[in-house]
Amino acid sequence: MAQETTTRPPAPADARGGGFGGTGRYLAGRLASAAASLLAVIVSAFFLFRVLPGDPVRAMTHGRAVSREQLEALRAEYGLDQPLWRQFADYLFGMLSGDFGTSYQYRVPVTELIAQRLAPTLLLVGTATLIAAALGLWLGTRAAWYRGGVGDRVNTGVALTLWSVPTFWLGLLLIVVFASGAGPLPSGLFPTGGMISPQAPDGIGAALDVLHHMVLPVTTFVAVVYAQYLMVMRSSLLDEMGSDYLVTARAKGLRDDLVRRRHAVRNALLPTVTLIFVNLGQVVAGTILVETVFSWPGLGSLFYEALGVPDLPMVQAMFVFFSASVILMNLIADLLYPLLDPRVGR
Amino acid sequence: MSGQAPAPVPTDVAWARRRRALAAFWRDYRANPAGLYGLAALLLFGLVALTAPLYLGPQQLSVIHADGPVLAPPSWEYPLGTDNFGRSMLDLLIWGSRMSLAVGLLATFVSVALGALVGIVAGHFGGWSATVMMRITDWFLVLPNLVLAIALATVLSRSVATVVLAIGLTAWPTTARLVRAQTLAVEARPYIERARALGGGHAHIMVRHVLPNVMPLVLAQTTLLVATSIVAESTLAFLGLGDPTVVSWGGTLQQARAAGAVSSGVWWYLVPPGLAIAAVALSFTLCGRAIENVLNPRLREAR
């Protein structure tokens, strides 16, 4: 329920930075704090996953009978026989130079795997976030503008309900109804998982097949995420609606529609857009769940698979990667804010 | 809420004031129908969860002792059908409510206690220690919650306590920020200065003056947090990170998926636990919003 509480005004201390260099100091401060957060994530990832239960070398051999010498050789290969501080130093320099380690499971560099899985995730998350944002902002605006009406109550009720529904359960339910053939709908209306069927044709046919596979995961994603945007947009527009400038705008004789679009929504968008960026952590959570349920070959399912092994370098790298993407989005929000709202950072 | 004129018997006056405040709170709360529905549903769920041991035991819940038909659709004998071990889904649903409510409430308690502690201390003392604390809070706020909870649940051993900790430790930063902001507002009021002038120490001011004034706002946040915690609990259980020996709604869903209920369309194995999670989470959210409406006059005017 982060919607009300994560509304933080970016850097109030810098808000009156003074004429010369105010914006520069604001930007430098944001950049420095993002870099500090990233470093903290990298360092804590090492220590967090170093206490994982289970011997990674044993996991690597999948319980096959392996001699002591072979185990020792594997340990040496992955640097697990080194003292902890040495492992940490190697890890830190590796991370900073873009080397995320080698996956125990696939025996290839983790960066390679992440690069492979990045595109499907971006496709899924990007599409879903765009639809969710558009839908949420539009419905939220309408709900607030006609507050207390039937539309508002239905919209808010639906949003709150979808918000309370666990993401993974909604996905499972959609599979049962639209893909498994239980109930009135024929089996195989939509695929139960994956991104593309093996016998898919090339070219435009492949694109259509991917689109077909995307329908259910994207629906799940949108259903869970748009509710939040709707509620944020609704409450920030409600905040604006008591303002005097709207009375002025009406007194000028502007049509209701123009008052809404040119004045109220424009101001209410500021906190909402920031929140869309700031709450990207929830999008990451949604990615993991939706991809797991629909076996979508992206980063989320990669993370879930790696957890089961456990594939230490992979889990570690994904943890850093997910956190870094959220930090990056926060930074973008902070950098966008002075552009959107001239009162900040000048 | 703020201090009134001292009276001959301070405790009596204080209790009368609290009763009045409570009555006023209830009067405002009653005006919100959605909040009332939520409260009624929660009372029902709470009653069911508390009385469950009276008529349910290992006989019905154990995989070995279950004697029902396997994966039978709903019937008179088994109103919600049975699972792949022959256990009645209704029994699993009732027993699962205990786990979900307990973990949701405990995890919320952990995160609210931690958040309130950090928020009040940071707000009261200020200075560099507060800066450090708020930096740590901000850093936790940035981490993707589920990823951190998964990491913690993986690292620690599989138990209920682990799930409580994993959820509690990821959810506290929002409370900490809220409490700190409210602490700063309360500390600027004259009666804190008066308490300080009368010789009240840091602990006295924080516990006797700041905490009671911060708590009402925290209450609304807490109620909303329970909803998130319950969904988070089911999510962790679904990902196989919960205690496998305990019956819980999320765990039941995971078993359903493992038993192939999704592809074979065994809807009665999937629908009830998910609906129950959503219903409890929604009830807590409705209550939380109603409380927020009562306590935050700006929201009330806007309605």
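The values are calculated or read from the model by the stated rules, or taken from the named source; none is laboratory data. Keep in mind that what you see is a predicted model, and the values were worked out from it rather than measured. In this analysis, Cβ positions are derived from the backbone assuming ideal geometry, glycine residues included, and neighbour counts consider all displayed protein chains. The area values use the complete protein model at the heavy-atom level, side chains included, leaving out ligands, DNA and RNA. Shrake-Rupley method; radii C 1.70, N 1.55, O 1.52, S 1.80 Å.
In the set A:GLY203, A:GLY151, which member is touching a Lys or Arg at 6+ places or on another chain (Cβ under 7 Å), open to solvent by 30 Å² or more (accessible area, probe 1.4 Å) and away from chain B (no Cβ under 14 Å)? If you could, list the steps in order and put the result at the bottom.
Working: A:GLY203 fails: touching a Lys or Arg at 6+ places or on another chain (Cβ under 7 Å).
Of A:GLY203, A:GLY151, the one residue that is touching a Lys or Arg at 6+ places or on another chain (Cβ under 7 Å), open to solvent by 30 Å² or more (accessible area, probe 1.4 Å) and away from chain B (no Cβ under 14 Å) is A:GLY151.
Can you name the number of the only condition in (1) within 10 Å of chain A (Cβ to nearest Cβ); (2) open to solvent by less than 30 Å² (accessible area, probe 1.4 Å); (3) of a type in the set (Ser, Thr, Tyr) that B:SER157 fails?
It is condition (2) that B:SER157 fails.
Would you pick out the residues in the stretch A:265-284 that are of a type in the set (A, V, I, L, M), open to solvent by less than 20 Å² (accessible area, probe 1.4 Å) and within 28 Å of A:GLY98 (Cα to Cα)?
Result: A:VAL283, A:VAL284.
What is the number of the single condition among (1) at pLDDT 80 or above; (2) more than 9 Å from every other protein chain (Cβ to nearest Cβ) that A:SER325 does not meet?
(2)
Check off (1) at pLDDT 80 or above; (2) surrounded by fewer than 22 Cβ atoms within 10 Å (Cβ to Cβ); (3) over 30 Å from A:ALA40 (Cα atoms); (4) more than 14 Å from chain B (Cβ to nearest Cβ) for A:TRP296 and give me the number that stays unchecked.
Going through (1) at pLDDT 80 or above; (2) surrounded by fewer than 22 Cβ atoms within 10 Å (Cβ to Cβ); (3) over 30 Å from A:ALA40 (Cα atoms); (4) more than 14 Å from chain B (Cβ to nearest Cβ) one by one, A:TRP296 breaks only (2).
Could you list, in sequence order, all residues of the stretch A:167-180 that are free of Cβ contacts under 8 Å to residues at least 40 places away in the same chain and either farther than 20 Å from B:GLY260 by Cβ or at the interface with chain B (Cβ under 7 Å from one of its Cβ atoms) (or both)? It would help to see each step written out before you state the result.
Kept after step one, since they are free of Cβ contacts under 8 Å to residues at least 40 places away in the same chain, are these residues of the stretch A:167-180: A:169, A:173, A:176-180.
A:TRP169, A:LEU173, A:VAL176, A:SER180 - these are the residues of the stretch A:167-180 that are free of Cβ contacts under 8 Å to residues at least 40 places away in the same chain and either farther than 20 Å from B:GLY260 by Cβ or at the interface with chain B (Cβ under 7 Å from one of its Cβ atoms) (or both).
If A:TYR226 passes every condition in (1) crowded, with 23+ Cβ neighbours inside 10 Å; (2) closer than 22 Å to A:PHE178 by Cβ; (3) within 12 Å of chain B (Cβ to nearest Cβ) but one, which one does it miss?
All conditions pass for A:TYR226, except number (3).
Just a yes or no: is a residue in the stretch A:153-166 modelled with pLDDT of 85 or more, basic (Lys, Arg) and touching a helix residue (DSSP H, G or I) at 6+ places or on another chain (Cβ under 8 Å)?
So far as the stretch A:153-166 goes, no, none of its residues is modelled with pLDDT of 85 or more, basic (Lys, Arg) and touching a helix residue (DSSP H, G or I) at 6+ places or on another chain (Cβ under 8 Å).
Those residues that are under 30 Å from B:SER234 (Cβ atoms) and β-branched (Val, Ile, Thr), I need them from the stretch B:120-150; list them, please.
Let us first name the residues in the stretch B:120-150 that are under 30 Å from B:SER234 (Cβ atoms), namely B:136-150.
Correct list: B:ILE136, B:THR137, B:VAL142, B:VAL147, B:ILE150.
Residues A:LEU137, A:LEU160: which one is on the phi < 0 side of the Ramachandran plot, open to solvent by less than 60 Å² (accessible area, probe 1.4 Å) and away from chain B (no Cβ under 13 Å)? Outline the logic, then answer.
Working: A:LEU160 fails: away from chain B (no Cβ under 13 Å).
After applying the criteria, what remains is A:LEU137.
Restricting to the stretch A:81-105, name every residue that is assigned to a loop (DSSP other than H, G, I, E, B) and over 27 Å from A:GLU69 (Cα atoms). Please lay out each step first, then the result.
Of the stretch A:81-105, the ones assigned to a loop (DSSP other than H, G, I, E, B) are A:81-83, A:97-101, A:103-105.
Residues satisfying the conditions are A:SER97, A:GLY98, A:ASP99.
Which residues, taken from the stretch A:36-87, are touching a helix residue (DSSP H, G or I) at 6+ places or on another chain (Cβ under 6 Å), open to solvent by 30 Å² or more (accessible area, probe 1.4 Å) and modelled with pLDDT of 80 or more?
Residues satisfying the conditions are A:LEU38, A:ALA40.
Could you please find all residues in the stretch A:246-304 being without any contact (Cβ under 8 Å) to a residue 24 or more places away in the chain and acidic (Asp, Glu)?
The answer is A:ASP256, A:ASP257.
Can you confirm whether the stretch A:107-114 contains a residue that is open to solvent by 60 Å² or more (accessible area, probe 1.4 Å), free of Cβ contacts under 8 Å to residues at least 60 places away in the same chain and closer than 27 Å to A:VAL320 by Cα?
Here is the first cut: in the stretch A:107-114, the residues open to solvent by 60 Å² or more (accessible area, probe 1.4 Å) are A:107, A:112.
Checking the rest, the ones that are also free of Cβ contacts under 8 Å to residues at least 60 places away in the same chain come to A:107, A:112.
Going one step further and asking which of them are closer than 27 Å to A:VAL320 by Cα, we end up with A:107, A:112.
Checked the stretch A:107-114: at least one residue is open to solvent by 60 Å² or more (accessible area, probe 1.4 Å), free of Cβ contacts under 8 Å to residues at least 60 places away in the same chain and closer than 27 Å to A:VAL320 by Cα.
Here are some conditions: (1) surrounded by 19 or more Cβ atoms within 10 Å (Cβ to Cβ); (2) closer than 21 Å to B:GLN255 by Cα. B:PRO79 meets all but one. Which one does it not meet?
The single condition B:PRO79 does not satisfy is (1).
Got a number for residues in the stretch B:20-43 being open to solvent by less than 60 Å² (accessible area, probe 1.4 Å) and not in a helix (DSSP H, G or I)?
1
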